[in-house]
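Read the structure below first, then the notes.
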Amino acid sequence: AKELNPAIGYYDPLNLAALNFWGSGDEGTVGWLRHSEIKHGRIAMFGFIGYIVHENGIRWPWPLATSLPDYSSFEGLSAQAVWDALSLESKLQIILVIGFFEAW
């Protein structure tokens, strides 16, 4: 990368490319970093799409389940306000599921 752009090189503020993750050598470390970058980029895109869908008022056309309460309590709220309206248990469940998938 330095040869292609000698003025800037590449962006690596934590100097991760110089590390050797799990004794896998340079090739394994760079492969893991590339895989991680692609995965986190896709998750960020999914999150942005979810935000845009919610902010534009796009909703599921029918109830998700007959035994659960409807989502009318979230009507008219922004995405940030919906997060604030969730209970602590709901937030912890979301964070734990994301953490599980991150570790998997």
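The values are calculated or read from the model by the stated rules, or taken from the named source; none is laboratory data. Because the structure is predicted, anything quoted here is derived from the model rather than measured. In this analysis, Cβ positions are derived from the backbone assuming ideal geometry, glycine residues included, and neighbour counts consider all displayed protein chains. Protein only, heavy atoms only, side chains kept; ligands, DNA and RNA dropped before computing areas. Shrake-Rupley method; radii C 1.70, N 1.55, O 1.52, S 1.80 Å.
Observations
- Spacing of the modelled spin labels on Ser90 and Tyr11, each 7 Å from Cα toward Cβ, amounts to 3.4 nm.
- For the chain, the longest principal axis of the C-alpha atoms and the axis of helix 88-103 are separated by about 30°.
- Rounded to two decimals, the Cα-based Rg/Rh of the chain, with Kirkwood Rh, is 1.14.
- Residue-normalised accessible area of segment 55-104, given per residue in Å² at a 1.4 Å probe: 90
- Principal-axis analysis of the Cα atoms of the chain puts helix 25-55 at an angle of about 30° to the longest axis.
- log10 of Debye I(q)/I(0), alpha-carbon scatterers only, for segment 49-99 at 0.18, 0.31 Å⁻¹: -0.73, -1.19
- Where labels lie 7 Å past Cα in the beta-carbon direction, separation of Ser73 and Trp104 in nm: 2.8
- Share of carbon and sulfur in the accessible heavy-atom surface of the chain [1.4 Å probe, %]: 66
- By the equivalent-ellipsoid construction on the alpha carbon gyration tensor, segment 1-47 comes out with semi-axes of 21, 18, 9 Å, ordered largest to smallest.
- Of interest is the spacing of the C-alpha centroids, which for segment 82-104 and segment 1-66 amounts to 19 Å.
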